[in-house]
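Trainee: What follows is a structure written as structure tokens; I'll ask about it next.
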Amino acid sequence: MKVNMKGTLLASTVFGTLLLGGCNPLLVLDPKGPQAEVQANDTMMLIFLMSGIVLVVLALLVFMLFKYRASKQSPDYEPPHIHGHWLVETICIGVPILIVLFLSFRTVESNYLVESAPEQYKDEEPLVIYASSSDWKWHFSYPEQGIETVNYLYIPANRNIEFKLYSYGPITSFWIPQLGGQKYAMADMVTTLHLAADVEGEFWGRNANFAGKGTAEQTFDVTAMSQKDFDEWVEEVHETAEPLTEEKFEELLEPGHLGRSTYTGTHLEFSPAPEHNHGKSGSVNADHNEHAGHEE
């Protein structure tokens, strides 16, 4: 059977264009917070750096193939025996060393920026949220506000959010691509993650680590709003939501998928976070007691 290659290529091009036209922009390159902006800038820097290296190598390859092609030389040509050339060896060794030094410096600098509270919000009191995972859902506890949500997160924009991450099951990875990088949540320790949203809007979060058959659907919604709207939402929750009991929380921990739900009170009162707190001095229980005092 004769295949029309021109028609096949045209059809593939049209199909690919239509398919890509419906795709959203890469979320990691569309930052909405200071931590994510640092990571997006580093990603673009690496893309340009690697592209430059590839283009230089390809250009040298084309040059060498053209300059030293066999048809250009006489039949009796013999290349000279060369032991080495100081300039070539300096470039081949020096350029990679400079690239590694530059990337090492940039990595340390970026690591410090994304691991600490955003610079513009350092003088403000952070909103502390305990984010714990179970098979296959996310539990968000607001100890200062005395509320808890499942599979969705409301935060005030333009404020440092200090997440306390841990797990009631296997290791998971907390990730909101447009606000910052991912960080592990483990069963025997608490890890601290600082994020902030510079604009109001709706974002998407998920578990970025494989944790069983339900990992693909272990997602959550994030809504950043003004501080006034956030305070009004907290008041509404206290007026309408049911209290979270120990029996209800044990039911929520059962493996499976759930929709969004809201409760007054938090599970920290009867199921506190692990005592080992990685990333901040002091125990998690001490932090919890302090937040409980504010709530009272």
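Trainee: Can you compute the radius of gyration and Dmax for segment 61-105, using only the Cα atoms, both in Å?
Mentor: 16.4, 52
Trainee: I want to check a number: in the chain, how many lysine pairs have alpha carbons closer than 17 Å, given a sequence separation of 8 or more or different chains?
Mentor: 8
Trainee: Calculate how large, on average over all directions, the projected area of the Cα convex hull of segment 60-219 is; give the answer in nm² to one decimal.
Mentor: 17.3 nm²
Trainee: Direction-averaged shadow area of the convex hull around the Cα atoms of segment 83-130, nm²?
Mentor: Averaged projected area of segment 83-130's Cα convex hull equals 5.5 nm².
Trainee: Additional query: If you take the square roots of the eigenvalues of the alpha-carbon gyration tensor of segment 137-247 and sort them as a ≥ b ≥ c, do you get rounded (a/c under 1.5), prolate (a/b over b/c) or oblate?
Mentor: oblate
Trainee: Please compute, over every Cα-Cα pair in segment 30-91, the percentage with a separation greater than 14 angstrom.
Mentor: 76 percent
Trainee: Just name one of F249, T262, V234: the one whose Cα is farthest towards the positive end of the charge dipole of segment 196-281 (beta-carbon charges, Lys/Arg +1, Asp/Glu -1).
Mentor: My answer, from the dipole projection, is F249.
Trainee: Further question: Can you tell me the mean projection area, over all orientations, of the convex hull of the chain's alpha carbons? Units nm², please.
Mentor: The orientation-averaged projected area of the Cα hull of the chain comes to 26.3 nm².
Trainee: Also, I was wondering about something else. In Å², and per residue, what accessible area does the chain have when probed at 1.4 Å with the other protein chains present?
Mentor: 61 Å²
Trainee: Would any residue of segment 149-193 have its amide N under 19 Å from a label point 7 Å out along Cα→Cβ of H276? List them or say none.
Mentor: 164-174, 183-193
Trainee: Tell me, in nm to one decimal, what length is gained between N41 and E235 on full extension, where the rule is 0.36 nm per residue of separation less the Cα-Cα distance?
Mentor: Between N41 and E235, full extension yields 66.0 nm more.
Trainee: In whole percent, and with a 1.4 Å probe on the protein chains, what portion of the accessible area of the chain is carbon and sulfur?
Mentor: 62 percent
Trainee: Further question on the same structure: Of the beta bridges DSSP finds with both residues in the chain, what % are antiparallel, to the nearest 5?
Mentor: Around 65 percent antiparallel, to the nearest 5.
Trainee: Just to be sure I understand: of the beta bridges DSSP finds with both ends in segment 38-195, what percent are antiparallel, rounded to 5?
Mentor: Roughly 70 percent of the DSSP beta bridges within segment 38-195 come out antiparallel.
Trainee: Also, quick follow-up: How many nm separate the modelled label positions at D76 and A187, each set 7 Å beyond the Cα in the direction of the Cβ?
Mentor: My value for the distance between the label points is 8.1 nm.
Trainee: Also, I was wondering about something else. Suppose every Lys and Arg Cβ carries +1 and every Asp and Glu Cβ carries -1, with no other charges. What dipole size does the chain come out with about its Cα centre, to the nearest 20 debye?
Mentor: Computed charge dipole of the chain: roughly 2700 debye.
Trainee: About the Cα centre of segment 182-267, what is the dipole size in debye to 20, counting +1 per Lys and Arg Cβ and -1 per Asp and Glu Cβ, all else neutral?
Mentor: Dipole about the Cα centre, nearest 20: 560 debye.
Trainee: Specify the longest stretch of the chain that does not include any exposed loop site, a site being one of the trypsin sites (Lys or Arg not before Pro) with a non-H, G, I, E, B DSSP assignment and at most 14 other Cβ atoms within 10 Å.
Mentor: 123-212
Trainee: So, with +1 on the Cβ of K and R and -1 on the Cβ of D and E, and no other charges, what is the size of the charge dipole of segment 72-126 about its Cα centre, to the nearest 20 debye?
Mentor: Around 360 debye, computed over segment 72-126.
Trainee: Within the set of other residues whose C-beta is less than 13 Å from the C-beta of V114, count the net charge using Lys and Arg as +1 and Asp and Glu as -1.
Mentor: -3
Trainee: Compute the relative contact order of the chain as a whole-number percentage, counting only Cα pairs closer than 8 Å that sit 6 or more residues apart in sequence.
Mentor: Dividing the mean separation by the residue count of the chain yields 19 percent.
Trainee: Sticking with this one: Just the number: Rg to Rh for segment 111-176, Cα atoms, Kirkwood Rh, two decimals.
Mentor: 0.98
Trainee: Around S261, with a cut-off of 13 angstrom between Cβ atoms, what is the net charge of the other residues, counting Lys and Arg +1 and Asp and Glu -1?
Mentor: -1
Trainee: To continue, here is another question. When only DSSP loop residues count, what GluC sites (Glu not before Pro) in segment 173-270 have their Cβ near at most 10 other Cβ atoms within 10 Å?
Mentor: Answer by residue number: there is no such site.
Trainee: Also: Mean Kyte-Doolittle of at least -1.0 plus a Cα span of 18 Å or more along the axis: flag which DSSP H helices in the chain meet both, please.
Mentor: For the chain, where a helix must reach 18 Å along its axis and average at least -1.0, the hits are 5-21, 34-67, 86-115.
Trainee: Another question about this same structure. Given Cα pairs under 8 Å that are at least 6 residues apart, what percent is the relative contact order of segment 130-180?
Mentor: For segment 130-180, the relative contact order is 39 percent.
Trainee: Quick check: residue separation of V57 and A216 times 0.36 nm, minus the Cα distance between them. What number comes out in nm?
Mentor: 53.3 nm
Trainee: May I ask what percent, to the nearest 5, of DSSP beta bridges between residues of segment 146-256 are antiparallel?
Mentor: Bridges in segment 146-256 are about 75 percent antiparallel.
The values are calculated or read from the model by the stated rules, or taken from the named source; none is laboratory data. What you are looking at is a predicted structure, and each value in this text was computed from that prediction instead of being measured. Reconstructed Cβ throughout: ideal geometry from the backbone, glycine too, with neighbour counts over all protein chains shown. Just so you know, the surface numbers come from the protein's heavy atoms only, side chains and all, with ligands and any DNA or RNA stripped out. Shrake-Rupley method; radii C 1.70, N 1.55, O 1.52, S 1.80 Å.
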